[in-house]
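One structure is given below, encoded as structure tokens.
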């Protein structure tokens, strides 16, 4: 086999391949064998039809077509390896010559990973938000914890803002009750804005047994977006009671004995979370600077596929789960279809550039991924997906996605090298030292918050 490569542009090549006919022998034998298993010829046992009979009955052309289809992937792969290019996606193959007994020639055009020259990134200089936790931040955090432990008790008075009311609702459009327009026993906190527009005004001032009617644009269901006449009946009014902020509350809501200890821990956790946000901000800003410094040609076909994938995932997965169409989503976002397309394309370009640059860094900096790092990454991905580590690992192996996870870890380590080399200061002008413990501390803060939620649920159930 002879092959040559022609560079069409920085992201696309044309391979020209010429194969002597004798190198097709294995594929021809396989073609005759396959056809043998598919045809029946009188006078011959199945699978025992001679090649000359197959040529006479079904045509030599059918055999050649089958043999070429079998051989092309092999010779294409050999040509790619000889040319030392990194193909992206499937090639466009054109058979330019096929002479029985003489030669097979074809061309294959394919997008390739462009050659990238990584600039000197040691001069990157960025500013991030300072880690500052005020007394007001601490008080707000403790107050949010206090809200989680609020209890309710029925009262015999008119409903007011902050009360929890139990409601029976009925929605009509054009005088007809909607099939999904009746709901009983709905609990709603007045002023939360979690139900229909206009409901706060309708129920405020009503006592148990009181009724009201108002109009509102429906936010979901079979008549989403339509104006409905909504009848509401208050069946119960309950006042929310917040626990006293004292040592007893600290013991109920946390593992601490005193309120001062709880506040000190809240301050520490807020600092940890702000440090995590600071580290994330540093990574994003360093990456943005690296993208500005690096010239990266983008394969058009790859970009088109990425844009289509992002649109599909948004429309058929994320919006589908929310019960929204793309048009409705754009309306809520206040965007035109053209603006959405431009933003999607811009995000796709950034994503492709980022992967190309970080992959090149992985190669030039000889970044390796060990088993411990891969396992830690798998655990994080499993947690974010809502699956157990075993379930996620099984899905990864079955989907042949282990190389993808290894790539994610390697790219993360490559970016960390750039961040480490950059000059990072906060808005106060102080140097920022980023360490690997930020992720763990933020995870602990989130876990503590989840524990508090669980305690509040247990207390309210009791």
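The selection criterion, being modelled with pLDDT of 90 or more, more than 22 Å from residue 291 (Cα to Cα) and either touching a strand residue (DSSP E or B) at 6+ places or on another chain (Cβ under 9 Å) or part of a helix (DSSP H, G or I) (or both), holds for residue 338.
When residue 132 is tested against (1) loosely packed, with under 15 Cβ neighbours inside 10 Å; (2) under 30 Å from residue 271 (Cα atoms); (3) touching a strand residue (DSSP E or B) at 6+ places or on another chain (Cβ under 6 Å), only condition (3) is not met.
Take the conditions (1) closer than 25 Å to residue 416 by Cβ; (2) touching a strand residue (DSSP E or B) at 6+ places or on another chain (Cβ under 7 Å); residue 283 misses just one of them, which is (2).
Scan region 69-82 for residues that are buried (at least 17 other Cβ atoms within 10 Å of the Cβ) and either assigned by TED's automatic domain parsing to the domain that holds residue 415 or under 27 Å from residue 300 (Cβ atoms) (or both) and jot them down. Across region 69-82, the qualifying residues are 72, 75, 76, 79, 80.
Within region 22-30, identify whether any single residue is within 28 Å of residue 2 (Cβ to Cβ), touching a strand residue (DSSP E or B) at 6+ places or on another chain (Cβ under 9 Å) and modelled with pLDDT of 80 or more, and answer yes or no.
Quick first cut of region 22-30, residues within 28 Å of residue 2 (Cβ to Cβ) only: 22-30.
Right, trim to touching a strand residue (DSSP E or B) at 6+ places or on another chain (Cβ under 9 Å) and you get 23-24.
Narrowing further to those that are modelled with pLDDT of 80 or more: 23-24.
Yes, region 22-30 contains at least one residue that is within 28 Å of residue 2 (Cβ to Cβ), touching a strand residue (DSSP E or B) at 6+ places or on another chain (Cβ under 9 Å) and modelled with pLDDT of 80 or more.
Just to confirm my filter: which helices (runs of 4 or more DSSP H) fall fully inside region 389-462 and include at least 1 residues that are under 23 Å from the mean Cα position of the chain (by Cα), surrounded by 13 or more Cβ atoms within 10 Å (Cβ to Cβ) and modelled with pLDDT of 70 or more? Outline the logic, then answer.
Details: elements: 389-398, 402-421, 437-461.
Once the helices (runs of 4 or more DSSP H) in region 389-462 are filtered for at least 1 residues that are under 23 Å from the mean Cα position of the chain (by Cα), surrounded by 13 or more Cβ atoms within 10 Å (Cβ to Cβ) and modelled with pLDDT of 70 or more, what remains is 389-398, 402-421.
On inspection, residue 47 passes the criterion of being farther than 30 Å from residue 111 by Cβ, outside any helix (DSSP H, G or I) and touching a helix residue (DSSP H, G or I) at 6+ places or on another chain (Cβ under 6 Å).
Return the residues of region 207-224 that are assigned to a loop (DSSP other than H, G, I, E, B) and under 36 Å from the mean Cα position of the chain (by Cα); say none if nothing qualifies.
Kept after step one, since they are assigned to a loop (DSSP other than H, G, I, E, B), are these residues of region 207-224: 207-210, 218-224.
Selection gives 218, 219, 220, 221, 222, 223, 224.
Checking residue 112 against (1) under 29 Å from the mean Cα position of the chain (by Cα); (2) closer than 25 Å to residue 280 by Cβ, only one condition comes out false. Which one? Residue 112 satisfies every listed condition except (2). Scan region 252-269 for residues that are surrounded by 15 or more Cβ atoms within 10 Å (Cβ to Cβ), in a helix (DSSP H, G or I) and at pLDDT below 95 and the total you get is 1. The set of residues in region 338-377 being free of Cβ contacts under 8 Å to residues at least 40 places away in the same chain and within 17 Å of residue 113 (Cβ to Cβ) consists of 363 alone.
Please specify each residue of region 239-264 satisfying the condition of being within 30 Å of residue 127 (Cα to Cα) and free of Cβ contacts under 8 Å to residues at least 12 places away in the same chain. Before the answer, list the steps.
Of all residues in region 239-264, those within 30 Å of residue 127 (Cα to Cα) come to 263-264.
Hit for region 239-264 is 264, nothing else.
Go through the residues of region 231-251 one by one and say whether even a single one is touching a strand residue (DSSP E or B) at 6+ places or on another chain (Cβ under 6 Å), exposed (fewer than 13 other Cβ atoms within 10 Å of the Cβ) and farther than 30 Å from residue 116 by Cβ. Yes, some residue in region 231-251 is touching a strand residue (DSSP E or B) at 6+ places or on another chain (Cβ under 6 Å), exposed (fewer than 13 other Cβ atoms within 10 Å of the Cβ) and farther than 30 Å from residue 116 by Cβ.
Just the residues that are in a helix (DSSP H, G or I) and within 43 Å of the chain's Cα centre (by Cα), please, taken from region 1-42.
If we filter region 1-42 for residues that are in a helix (DSSP H, G or I), which is where we start, we get 21-38.
Matches in region 1-42: 27 only.
Residue count for region 5-21 satisfying the condition of being farther than 13 Å from residue 75 by Cβ and either loosely packed, with under 15 Cβ neighbours inside 10 Å or out of contact with any strand residue (DSSP E or B) (no Cβ under 8 Å at 6 or more places or on another chain) (or both): 5.
Restricting attention to region 178-206, the residues being surrounded by fewer than 14 Cβ atoms within 10 Å (Cβ to Cβ) and over 39 Å from the mean Cα position of the chain (by Cα) number 2. Within region 367-388, the set of residues being closer than 13 Å to residue 407 by Cα and not in a helix (DSSP H, G or I) comprises 367, 368, 369, 370.
Out of curiosity, is residue 119 surrounded by 12 or more Cβ atoms within 10 Å (Cβ to Cβ), touching a helix residue (DSSP H, G or I) at 6+ places or on another chain (Cβ under 6 Å) and part of a loop (DSSP other than H, G, I, E, B)?
So residue 119 passes the test.
When region 140-155 is limited to residues that are in contact (Cβ under 8 Å) with a residue 60 or more places away in the chain and exposed (fewer than 15 other Cβ atoms within 10 Å of the Cβ), the one that is farthest from the chain's Cα centre (by Cα) turns out to be 154.
The values are calculated or read from the model by the stated rules, or taken from the named source; none is laboratory data. Small disclaimer: the values here were computed from a predicted structure and weren't measured. Note that we place each Cβ from the backbone using ideal geometry, even for glycine, and neighbour counts take in every protein chain shown.
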